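The values are calculated or read from the model by the stated rules, or taken from the named source; none is laboratory data. Computed from a predicted model, the values in this text were never measured in an experiment. Cβ placement follows ideal geometry from the backbone for every residue including glycine, while neighbour counts extend to all protein chains displayed. Side chains included, ligands, DNA and RNA excluded: accessible areas come from the protein's heavy atoms. Shrake-Rupley method; radii C 1.70, N 1.55, O 1.52, S 1.80 Å.
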Amino acid sequence: GTFSNALTYWTAEQHDTARASFTRTYDFTNSQPSARITVTNLGSASWHIQFNQTGLRITNGHTYTISFWAKSSPATNFDASLMQAHADWLNAGYGRNMTLSTNWQRFTNTFQANMTDSNVRTSMPSWM
């Protein structure tokens, strides 16, 4: 999503003692809308704070490209993935550990789906 409709179509998750705020800002290039995730408590696992877009459809063997811009203050590592949005929460063919700097960076990865599913989600980021 482009965040032009605020955080519509995105789900903010906080598990255990992890806490964060999720807001739309205009901090991106040329004052375009962006999402800001402010982590106030990491919790005990990297997946305890998540920002997901669910309801995506994929087909086994098809090639997809995921692309997004991100930054962090301070710089940090994070995991981005595409996975089932339901139990068993299996990886759908994309999972990367990336390093964010304090400047906007574009991340683009092409991958091949390893399943057919009508309800997968992007999960970005899971904080390290």
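Quick one: in the stretch 24-42, which of the residues that are open to solvent by 60 Å² or more (accessible area, probe 1.4 Å) and in contact with a Lys or Arg (Cβ under 6 Å, 6 or more places away or on another chain) is nearest to residue 104 (Cα to Cα)? That would be 40. Scanning the stretch 18-41 for residues that are assigned to a loop (DSSP other than H, G, I, E, B) and either closer than 14 Å to residue 124 by Cα or in contact with a Leu (Cβ under 9 Å, 6 or more places away or on another chain) (or both) returns a single hit, 18. Considered as a group, the residues in the stretch 109-128 that are open to solvent by 40 Å² or more (accessible area, probe 1.4 Å) and either modelled with pLDDT under 95 or assigned to a loop (DSSP other than H, G, I, E, B) (or both) include one that is nearest to residue 52 (Cα to Cα), and that residue is 128.
The single condition among (1) assigned to a loop (DSSP other than H, G, I, E, B); (2) without any contact (Cβ under 8 Å) to a residue 40 or more places away in the chain that residue 60 does not meet is (2).
Filtering the stretch 65-107 down to residues that are among the hydroxyl-bearing types (Ser, Thr, Tyr) and open to solvent by less than 60 Å² (accessible area, probe 1.4 Å), which residue is nearest to residue 121 (Cα to Cα)? Give the steps one after another, and end with the answer.
Here is the first cut: in the stretch 65-107, the residues among the hydroxyl-bearing types (Ser, Thr, Tyr) are 65, 67, 72-73, 76, 81, 94, 99, 101-102.
Those still in the list that are open to solvent by less than 60 Å² (accessible area, probe 1.4 Å) too: 67, 72, 76, 81, 94, 101.
Working: 67: 14, 72: 22, 76: 23, 81: 8, 94: 11, 101: 25 Å.
Among residues in the stretch 65-107 that are among the hydroxyl-bearing types (Ser, Thr, Tyr) and open to solvent by less than 60 Å² (accessible area, probe 1.4 Å), the one nearest to residue 121 (Cα to Cα) is 81.
Could you please find all residues in the stretch 6-17 being under 20 Å from residue 66 (Cβ atoms) and part of a loop (DSSP other than H, G, I, E, B)? Give the derivation first.
Initially, the stretch 6-17 is screened for residues under 20 Å from residue 66 (Cβ atoms), giving 7-13.
Answer for the stretch 6-17, where residues must be under 20 Å from residue 66 (Cβ atoms) and part of a loop (DSSP other than H, G, I, E, B): 7, 8, 9, 10.
Residues in the stretch 8-64 that are β-branched (Val, Ile, Thr) and over 19 Å from residue 84 (Cα atoms): 9 in all.
Filtering the stretch 43-60 to residues that are surrounded by 13 or more Cβ atoms within 10 Å (Cβ to Cβ) and more than 16 Å from the chain's Cα centre (by Cα) leaves 43, 58.
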